[in-house]
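The values are calculated or read from the model by the stated rules, or taken from the named source; none is laboratory data. Predicted model only: the values in this text are computed from it and were never measured. Here the Cβ positions follow ideal geometry from the backbone for every residue, glycine too, while neighbour counts run over all protein chains shown. We work out accessible area using only protein heavy atoms, side chains counted, and drop any ligands, DNA or RNA first. Shrake-Rupley method; radii C 1.70, N 1.55, O 1.52, S 1.80 Å.
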Amino acid sequence: MNSFYRSFLGGRSGTVGLVVLSLLLLVVLPLSIDAFRLNMMGKYLSLAFVAIALVMCWGYGGIMSLGQGLFWGLGGYCMAAFLKLEAAANIAKEAGTDQIQALTTVGIPDFMDWNQITELPWFWYPFKSFPLTLALMIVIPTVIAYIVGVAMFKRRVGGVYFAIITQALCWAMEILFVTRQGWTGGINGITDLRTLLGWDIRTPDAQMTIYFLTCIGIIGCILFGRWLLNTKFGRLLLAVRDMEDRVRFSGYDVANIKTMVFCIAAAMSSIGGAFFVLNVGFMSPKLVTIEPSIYMVIFCAVGGRMSLIGAVYGTLIVSFGRTFFSEEFPALWYFLMGSVFILVTMVFPEGLAGAVNRFGPPLWNKIARLWRKKPPAAPAEEVKP
Amino acid sequence: MIYPHFALELEELTVSFDGFKAVNGVTLYVAKDELRVIIGPNGAGKTTLLDLICGRTKPTDGKITFMDKVLTRLPEQEIVRAGVVRKFQTPSIYPKISVFENLELSHPKGRTAIGAIFFRRTPDVVERIHMVAEQIFLKDLLNKEAEQLSHGQKQWLEIGMLLMADPQLLLLDEPVAGMSVREREQTAELLRSICKGRSAVVIEHDMKFVRRIADKVTVMHQGKVLAEGHMDDIEKDPRVVEVYLGH
C-alpha cells in the first residue's frame with residue numbers, strides 16, 4: 001500500500017495534484033458546463049493522451065517527436081474502422097430491402113462503394129471484431145514506433161534530425177490516407193459513425209458516458225506514467241537525455257531504451273485517438289497531419305514537459321484558447337500561438353507546472369500564515385460588542 | 001598457464017581521421033593488476049587511445065584484446081559488459097538525479113530496457129551503493145542532486161559509478177584534473193585502493209601524482225609510443241625530456 005502510494009500517486013503533492021485534477025474533470029466540469037462544451041472537453045482530453053506521452057518521451061527521454069499525430073491518428077482510424085463496419089452492417093440489416101441492395105454493396109462502408117470497391121479489403125477484416133480492434137489499436141502504432149525507433153536510434157539519429165523524420169512520416173501517412181480513398185475514406189475520412197457494440201454513441205447520455213470514460217483513461221495514463229517514471233527506467237530516461245554517452249559506458253544499449261519509451265508513447269497516443277473518435281463520431285486525415293502534431297508539442301510545453309498532470313492542463317488551456325481566439329481573431333491566432341510557445345520556452349522552460357511549483361508553495365504558506373493569524377483576532381471581535 | 005599473462009593487449013593499433021593518424025601503430029601490453037600511466041604532450045593521441053579501447057572510436061587497423069576477448073569491433077555497451085569501464089576527462093555524471101541514483105544506474109542489474117522497468121532496489125544493491133559511496137568519500141551526500149556536487153566530488157562520483165560494475169579494467173582520463181591538493185592526495189589513495197585486483201590505464205599530466213600511483217609509464221608522442229618503463233628510467237630518457245618533461 002505504501003509503495004503504491006509512493007510510486008503511483010507520487011507521494012503527498014502528487015496525490016493532491018491528482019485529486020484536484022480528478023475533481024475538476026469528474027465533478028466540477030460536468031456540473032458547470034453544458035453538454036456541448038463538455039463534449040468539446042472530451043475532444044480536448046483525447047489530445048491530452050498525446051501530451052502525457054510526450055512528457056515521458058520528450059520531457060524525460062529527450063526525444064522530441066513532431067509527428068506524434070501519426071500514432072494518435074492510427075488509434076483513431078482503428079476505432080473508426082470498427083465503428084464504420086458496425087454501422088455498415090446495421091444499415092444492411094435495418095434496410096434489408098431491394099432498394100438498398102440496388103444502390104449499395106451490402107455490408108461494406110459507404111465510401112468504398114463510392115470508389116467502386118465491391119469487396120472489403122483484407123486488412124479491414126480484423127476490425128470486424130472488437131477485441132481484435134483494441135489489440136491492433138495498441139499493436140500497430142507500437143510496431144511502427146519500434147521500426148522507426150530501431151532504424152533511427154541504432155544509427156544514433158537524434159535531436160532535430162529525428163524530429164524532422166517523425167514529421168515527414170506523419171506527412172507521408174496523411175498523403176497515404178488521403179490518396180487511398182477507397183480504403184480510408186480519403187480526405188473526408190471515416191464519417192457517419194453510429195453505434196459501439198449496439199450502443200448508440202450519438203445520444204447526449206452516451207456522450208456524457210464517453211466523456212467520463214475519457215477522463216478515466218487520462219487518469220489511468222497519469223497513474224501508469226507515474227509508475228513508469230518512478231522505476232529505474234524513468235531515471236534512466238533522464239540519464240539518456242542529459243548524458244547519452246555516459247549511459248552507453250554504463251553498459252546500456254541506449255537505442256533500446258529510447259525505442260522502448262518511443263513505443264510506449266506511441267501506444268498511449270493511439271488510445272487518445274480512439275477516444276477522440278468516440279467523442280466526435282468521425283475521423284479525418286486533416287487531424288493526423290503535421291499541424292496537430294505541433295500543437296501536441298505545444299500543449300506539452302505549455303503545461304510543463306516534466307509534469308504528467310501539467311500536460312493535461314496545458315492541453316485544455318491551449319485548446320480552449322485556440323477555440324476562443326480563432327473564432328474572434330482568426331488572422332492573429334497563429335501569431336499568438338507562436339508567441340505563446342516562444343514565451344513559454346524562454347521564460348518558463350518548465351511550463352505551467354514549473355510556475356506552480358515555484359510560486360505555489362510560497363503563496364500557500366502566505367495563505368496558511370494569514371489563516372493561522374485569524375483565529376486569535378476572531379474572539380477579540382466577539383468581546384467588543 | 002590458464003590465464004593470459006597480459007590483461008590488455010593492443011597490437012598495431014591505428015586510427016586515421018581523414019588521413020591524419022591520431023594513433024599510429026601502437027602496441028601496448030598491460031599486465032593483470034597493473035596500473036599503467038600514459039603521459040605525453042597535448043595531441044599525442046592519449047585520449048584517442050582510450051577512446052579506441054572503450055569503443056567510442058573504431059580503429060582503422062589493429063587489434064584490441066582483453067582477457068582473451070577481442071574488443072576491436074564490439075559496441076560500447078558490450079565492451080563495458082566485458083569488464084572495461086571508462087572515466088572521461090570532464091566529469092560526466094547524470095546531473096538531475098541524486099548521487100544514490102547515479103550509483104544505482106551504474107549497477108549491472110537491469111541493464112536491458114525491460115529489465116530497467118522491473119528493476120527492484122534489493123538490499124544487496126543498496127549495500128553495494130553504500131560501500132562504494134564510502135570508498136569515494138560521498139557517503140553523507142547520497143541524497144544530494146549530482147549537479148550540486150563540487151568539481152572534485154563529481155570526479156569521485158564518476159569513479160564510483162565505474163566501481164559499481166566491479167570492472168576488471170579501468171580507463172581513467174585525467175582523474176585529478178581540477179582538484180585541490182588535498183583532493184589529489186585522497187584520489188591517489190583511492191586509486192591505489194581500487195586498483196587492487198584490477199588493471200588500470202590512467203592518463204595524467206601531474207608528474208608528482210604519476211610517481212605516486214604508476215607501476216609503469218608509457219610516453220606517447222605524435223600518435224606513437226616513444227618510451228615505456230619505470231618512472232625513474234623514463235625521467236632520464238633524453239627523448240622524453242626533449243618532447244615532454246623538459247618543457
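Details
- Trypsin sites (Lys or Arg not before Pro) lying in DSSP loop within the range A:263-331, provided at most 15 other Cβ fall within 10 Å: none
- The residues of chain B expose, per residue, 45 Å² of accessible area to a 1.4 Å probe.
- Only beta bridges with both residues in chain B are counted; by DSSP, about 55 percent of them are antiparallel.
- Rounded, prolate or oblate (a/c below 1.5 giving rounded, otherwise prolate when a/b exceeds b/c) for the range A:23-92 by Cα gyration tensor: oblate
- Förster radius 41 Å - calculated FRET efficiency between B:N42 and A:N357 (Cβ-Cβ, nearest 0.05): 0.35
- All aspartates and glutamates inside 20 Å of B:K109 as judged from Cα atoms, apart from same-chain residues fewer than 8 positions distant: A:E244, A:D245, A:D253, B:E76, B:E78, B:E101, B:D124, B:E127, B:E158, B:D166
- Long hydrophobic helices in chain A: the complete DSSP H runs spanning 27 Å or more by Cα along their own axis with mean Kyte-Doolittle hydropathy of at least 0.5 are A:35-54, A:69-94, A:130-153, A:159-179, A:204-230, A:254-280, A:308-328.
- Heavy-atom accessible surface of the protein assembly as shown: percent carbon and sulfur, 1.4 Å: 62
- The angle separating the long axis of helix B:181-194 from the principal Cα axis of greatest extent in chain B is about 90 degrees.
- Dipole magnitude for the range A:24-160: about 780 debye, using +1 per Lys or Arg Cβ and -1 per Asp or Glu Cβ, origin at the Cα centre.
- Computed log10 I(q)/I(0) for the range B:8-146 at 0.10, 0.11, 0.20 Å⁻¹: -0.46, -0.55, -1.20, from the Debye equation with unit scatterers placed on every C-alpha and solvent omitted.
- Using alpha-carbon coordinates, inclination of helix B:151-164 to the longest axis of chain B, degrees: 80
- Helix-only CD estimate at 222 nm, as mean residue ellipticity for chain A, using -39500 (n - 2.57) per DSSP H run (n ≥ 4): -24000 deg cm²/dmol
- Taking 7 Å steps out from each Cα toward its Cβ at B:Q222 and A:E119 produces label points 7.7 nm apart.
- Kirkwood-based Rg to Rh ratio, the range B:132-247, C-alpha trace: 1.02
- Helix B:123-135 axis, angle to chain B major axis (alpha carbon atoms, nearest 10°): 50
- Among the listed pairs B:K96/B:K196; B:K87/B:K196; A:K43/A:K93; B:K32/B:K208; A:K154/B:K46; A:K232/B:K144, those beyond 22 Å (Cα-Cα): B:K96/B:K196; A:K43/A:K93; B:K32/B:K208; A:K154/B:K46
- Largest GNM mean-square fluctuation across B:L28, B:L50, B:L170, computed for chain B with C-alpha springs under 10 Å, falls on B:L28.
- Relative contact order of chain A, pairs being alpha-carbon contacts under 8 Å that are 6 or more residues apart, as %: 32
- Net charge dipole, the range A:8-349: roughly 1300 debye, given to the nearest 20, about the Cα centre with Cβ charges of +1 for Lys and Arg and -1 for Asp and Glu.
- Across the range B:77-192, the mean sequence separation of Cα contacts (distance under 8 Å, 6 or more residues apart), normalised by length, yields a relative contact order of 43 percent.
- Efficiency of FRET from Cβ geometry, A:R180 and A:N365, R₀ 60 Å, rounded to 0.05: 0.50
- Amide hydrogen neighbours beyond the local backbone of B:K87, cut-off 5 Å, H modeled: B:L171, B:L172, B:D173
- Table column - 3J(HN,Hα) (Hz), the range B:57-74, Karplus curve with 6.51, -1.76, 1.60, x for Gly and Pro: 10, 9, x, 7, 7, x, 9, 10, 10, 10, 6, 6, 10, 7, 9, 3, 10, 6
- Most mobile of A:V55, A:V347, A:V139 in a GNM of chain A (Cα contacts under 10 Å): A:V347
- In summary, the range B:115-175 shows an alpha-carbon radius of gyration equal to 1.20 times the 2.2 N^0.38 Å reference for compact globular proteins.
- Mean projected area of the convex hull spanned by the Cα atoms of chain A, taken over all viewing directions: 25.8 nm².
- Of the residues A:Y125, B:Y29, B:Y94, the one with the largest accessible area comes first in the ranking A:Y125, B:Y29, B:Y94, computed with a 1.4 Å probe on protein heavy atoms.
- Considering only Cα atoms, the convex hull volume of the range A:114-190 works out to 108 Å³ per residue.
- Model label points for A:E328 and B:K63, set 7 angstrom from Cα along the Cα-to-Cβ axis, are 7.6 nm apart.
- When only Cα pairs below 8 angstrom with a gap of at least 6 residues are kept, chain B shows a relative contact order of 27 percent.
- Put the Cα centre of the range B:211-234 next to the Cα centre of the range B:20-37 and the gap is 10 Å.
- The protein assembly as shown, dipole about Cα centre (Lys/Arg Cβ +1, Asp/Glu Cβ -1), debye to the nearest 20: 1220
- Under-5 Å amide H pairs with A:T195, H placed in peptide plane, nonlocal only: A:A87, A:I201
- Once divided by 2.2 N^0.38 Å, the Cα radius of gyration of the range B:1-66 becomes 1.15.
- Per residue, the convex hull spanned by the alpha carbons of chain B comes to 143 Å³.
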